[in-house]
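Following: one structure in structure tokens, then a few remarks.
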Amino acid sequence: MENKLLYRFQSRIQESGGWCEISASGDGISDILNSKYMFEKEKIVISGRVAKELQLSGLPGMCIDEVKPNNRRALLSEAKLGVTFCDGLIAETGTVVLINHPSEPRELSLLPEYHVVIAKQTQLYESLDKCFTKIKQLYPAGSIPSITLVSGPSRTSDIEKTLVIGVHGPVEFGVIIIGSR
Amino acid sequence: MKSSQFKIRARQAVGDADLRSKIKKATGISLLKREQVVSEIADWEDLRRRAHELRKETVDNIDSYLRRFIESARRNNAIVHEADDHKTANKIIYDIIRRVSAHTVVKSKSMITEELHLNTMLEENGIRVIETDLGEYIVQLAGETPSHITAPALHKSKEDIARLFHEKLNIPYSDDPVKLTAVARERLRDEFLKARVGITGVNFATADTGTLTIVENEANARLCTTLPEVHIAIMSIEKIIPSFDDLPLFLKLLPRSASGQRMTSYVTCINGPRSYHNPDGPRQLHIVILDGGRKQLAKHPAWKEALYCIRCGACMNICPIYQSVGGHAYGSVYPGPIGSVITPTLFNMKDAQDLPFASSLCGACTDICPVKIDLHHHLLFERREIVNRGYKSSVEKIGMVLWRWIMLSPGRLEFAGRVGWFFRKLLGKNMPAPGWTPHRQFPRIPLRSFRSIMRSDKKHGK
Ligand code: SF4
């Protein structure tokens, strides 16, 4: 069952112009990022949640928790890659659910040129309904943080319906799922 | 632009082969993509029915849902403003901008702000408004208005846009959409980083959690709602849906119907301004809720359905009239079938009296509408209302009385047929019929009518 969802998610993400890799363990994250992007460490900013949730150390970039809020915007505008954790993967539409978090500001997935999401296979949901029901259980009414759903890179078809990738948001979007095929 | 000039503009548009081919191409692509992603959903009809019920439930009880939404939004620390009419809404928005002494605002695509003529008002008061959706940016540079609710620059070819960018932005001429988009990205990113106020519309507002949901592809709405210190979200009352639990349903219907996507690249669900859990985003979140005649419309037993609309634009894409005349001909912020339904009922029936007649009543709009609005029947009933109110000319009225008198008797109908045949014979191809023959030939009328053939066949026992 989970495998079916995983494959569906993967193909949906690819259809909308993103990429999706599966890694057996958190240690594979660095390899995948290194093989895709040749950025210096300073150009990569990583959400504080990734290290915590996956109990990892030595990730190839700077942790956002170490950046002063006043410097954050300038830093992220210069950054090449923003790496976030997530709160759900929706197989039906190839969507990543990001709930705002003190260690994961919205700008991190918005300002850098590239956005990569780290997720666990157990975070897969068949549809958005199921994920939203879960969110409502986790947070009492009036305390749900803001939520962003991402289903691909920034795009437009405003000029003669020609698809162009990369308008105002990240020009590339990828997902690394920690799990097994 | 006024709806009262529909006929003149429609005639011009129909004569513009270039415009027609641009519209046909764009609407055709949208419909094809929609078909692909709708056909993979087995219970699409059920979803439409459920969505219709939910929209009905909300509009029928709009006062109580509105109260609940406002309570929830305030609990989220949003500042809520209610505006009975357009003027009040504009004043509220202007005051918010003045209070933070901002001179520039960045704005993402929103039909309600078009309805408010917000940009004109703000610019008259010395505030620079920057449209950031690529289509809207193009339309703003050209000094025009959107011609489609989800694809504002649908009436422009890439060559049109290349010329526009070349002239207005001083860049070398290029008609490559990738290059043109890159120019917009670069110019606008700076504006986003500088702006202190961001203005957006709202797609859905949930009564139980006070969540504002914005659906988009470019990330300009995300930037408008994340970077500036103040976010002003503008919505009309009917954007409310009962519950956060209903969002997935509408998010299944809207992107598929609007752009043929399973989900747009981004959906932002805003639950309040900056806080511990929302470490960035605006410090102030204002929600301006416009009535603008909607509470009144919600009481009408039939036309309240127009308020169920989720502004996907599918009815425009599929409408043979829209495909032929384009969005500007309607002279309304809302073109196409839903525009023809809502413009006379919400704004001014006298001015917009031609719009309900701009339909072949084929019903394609009703079939495609994700919330099952009975669009073509509303157009029909609005026609009756327009006649009852006496907006039609006396010539037309006399013609209709005469036609009715003829149709009520088989003998008279047959006689009329003969008279028609006689004149067709006499005048040949030059037989005049205003509104018809300038563009087409009057058809030949056979000497023997269908009924006389039937009669003689019967006599000869066939
Ligand atoms: S009337 Fe229906 S089809 Fe037309 S824009 Fe509204 S929701 Fe879409």
Fill in the blank from the handout: Counting all Cα-Cα pairs in segment A:74-144, those more than 19 Å apart amount in percent to 42 percent
Practice task
Quote the FRET efficiency, to the nearest 0.05, computed for B:Gln12 versus A:Ala141 with a Förster distance R0 of 45 Å and r equal to the Cβ-Cβ distance.
Solution key: 0.25
Practice task
Counting other Cβ atoms within 10 Å, keep those with at most 16, restrict to DSSP loop, and tell me which chymotrypsin sites (Phe, Trp or Tyr not before Pro) in segment B:85-182 are left.
Solution key: B:Tyr173
Exercise for the section: Just the number, please: Stokes-Einstein D of segment B:77-144 in µm²/s, Kirkwood Rh from C-alpha pairs, 4 °C, 1.567 mPa s. Expected result: 102 µm²/s
Exercise for the section: Report, by chain and number, residues whose modeled amide H sits under 5 Å from the one on A:Trp19, excluding near sequence neighbours (fewer than 5 apart, same chain). Expected result: A:Phe173, A:Gly174, A:Val175
Handout entry: Table column - 3J(HN,Hα) (Hz), segment A:168-180, Karplus curve with 6.51, -1.76, 1.60, x for Gly and Pro
Key = 9, x, x, 7, 9, 9, x, 10, 10, 9, 8, x, 10
Fill in the blank from the handout: Once amide hydrogens are built 1.01 Å from N within the peptide plane, the residues lying 5 or more places from B:Ile240 or on another chain with amide H under 5 Å from its amide H are B:Ala205
Handout entry: Debye intensity ratio I(q)/I(0), log10, segment A:62-112, q values 0.18, 0.30, 0.32 Å⁻¹ (C-alpha model)
Key = -0.59, -1.23, -1.33
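Counting only C-alpha contacts under 8 Å and six or more residues apart, can you give the relative contact order of chain A as a whole percent?
29 percent
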Fill in the blank from the handout: B:Glu71 and B:Arg283 label points (each 7 Å along its Cα→Cβ direction) are spaced in nm at 3.1 nm
Problem - Distant-in-sequence amide H partners of A:Ile46 (H built 1.01 Å from N, under 5 Å) - result: A:Met62, A:Cys63, A:Ile64, A:Val83
Fill in the blank from the handout: Quick calc, segment B:394-459, dipole around Cα centre from Cβ unit charges on Lys, Arg (+) and Asp, Glu (-), nearest 20 debye, gives 280 debye
Practice task
Taking Cβ-Cβ under 4.7 Å as the only way to count a partner, pick out the unpartnered cysteines of the protein assembly as shown.
Solution key: A:Cys20, A:Cys63, A:Cys86, A:Cys131, B:Cys224, B:Cys269, B:Cys309, B:Cys312, B:Cys319, B:Cys362, B:Cys369
Handout entry: Whole-Hz ³J(HN,Hα) from phi, Karplus 6.51 cos²θ - 1.76 cosθ + 1.60, for segment A:86-92, glycine and proline x
Key = 8, 10, x, 10, 9, 5, 4
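Please order A:Val175, B:Val215 by the number of other Cβ within 10 Å, starting at the fewest.
With the sparsest Cβ surroundings first, the list reads A:Val175, B:Val215.
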Practice task
Under 20 Å Cα to Cα from A:Lys130, which lysines show up? Leave out anything in the same chain fewer than 8 places away.
Solution key: A:Lys4, A:Lys120, B:Lys252
Completion exercise
Full extension between B:Arg49 and B:Glu396 adds, at 0.36 nm per residue less the Cα distance, a length in nm of 121.0 nm
Completion exercise
For B:Trp405, B:Trp303, ascending order of other Cβ atoms within 10 Å (fewest first) is B:Trp405, B:Trp303
Exercise for the section: Please give the FRET efficiency for A:Lys134 paired with A:Asn34, using the beta carbon to beta carbon distance and R0 = 30 Å, rounded to the nearest 0.05. Expected result: 0.35
Problem - Diffusion coefficient, µm² s⁻¹, Stokes-Einstein with Kirkwood Rh over alpha-carbon pairs of chain A at 25 °C and 0.890 mPa s - result: 147 µm²/s
Fill in the blank from the handout: With segment B:101-195 reduced to its Cα atoms and the Debye formula applied, log10 I(q)/I(0) at q = 0.10, 0.16 1/Å amounts to -0.26, -0.68
Exercise for the section: Above 14 angstrom, tally the Cα pairs of segment B:394-459 and express them as a % of all pairs, no decimals. Expected result: 68 percent
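Provide Rg over Rh for segment B:180-279; use the alpha carbon set for both Rg and the Kirkwood Rh (inverse mean inverse pair distance).
Values: Rg = 14.5 Å, Rh = 14.7 Å.
Expressed as Rg/Rh, it is 0.99.
Scan segment B:51-144 for trypsin sites (Lys or Arg not before Pro) in coil per DSSP, keeping those whose Cβ has at most 12 other Cβ atoms within 10 Å, and list them by number.
none
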Completion exercise
the protein assembly as shown -> Rg/Rh from Cα coords, Kirkwood Rh, value 1.04
Practice task
Starting with the fewest neighbours, write out B:Met121, A:Met62 ranked by other beta-carbon atoms found within 10 Å of each beta-carbon.
Solution key: A:Met62, B:Met121
Fill in the blank from the handout: segment A:17-51 scanned against label point 7 Å out from A:Met62 along Cα→C-beta; backbone N under 15 Å for A:39-48
Problem - In Hz, Karplus ³J(HN,Hα) per residue of segment A:129-143 (6.51, -1.76, 1.60; θ = phi - 60°; x = Gly, Pro) - result: 3, 5, 5, 5, 4, 5, 4, 5, 6, 6, 10, x, 3, x, 10
Exercise for the section: Find how much the distance from B:Glu35 to B:Arg418 grows on full extension, using 0.36 nm per residue of separation minus their present alpha carbon separation; answer in nm with one decimal. Expected result: 133.1 nm
Handout entry: For segment B:315-375, Kirkwood radius (reciprocal of mean inverse C-alpha pair distance, Å)
Key = 11.4 Å
Handout entry: Estimated inter-spin distance, B:Ala302 and B:Asn61, nm [label 7 Å along Cα→Cβ]
Key = 2.7 nm
Handout entry: A:Thr162/B:Glu124 FRET efficiency (R0 41 Å; Cβ-Cβ; nearest 0.05)
Key = 0.70
Completion exercise
For chain B, Rg(Cα) over 2.2 N^0.38 Å is 1.13
Completion exercise
Simple SL model, points at 7 angstrom along Cα→Cβ for B:Met407 and B:Arg99; separation in nm is 5.9 nm
Exercise for the section: Work out how far the C-alpha atoms of segment B:343-440 reach from end to end along every principal axis, then list the three figures in whole Å, largest first. Expected result: 51, 29, 29
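With charges only on Cβ, +1 for K and R and -1 for D and E, what is the dipole size of segment B:44-295 about its Cα centre, in debye, rounded to 20?
Result for segment B:44-295 is approximately 480 debye, rounded to the nearest 20.
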Exercise for the section: Pop out the Kirkwood hydrodynamic radius of segment B:44-295 from its pairwise C-alpha distances, inverse of mean 1/r, in Å to one decimal. Expected result: 18.9 Å
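All of the numbers you see were taken from the coordinates with simple rules; none came from a lab. The structure displayed is predicted, hence computed values, not measured ones. Cβ: placed from backbone, ideal geometry, glycine included. Neighbour counts: every protein chain shown.
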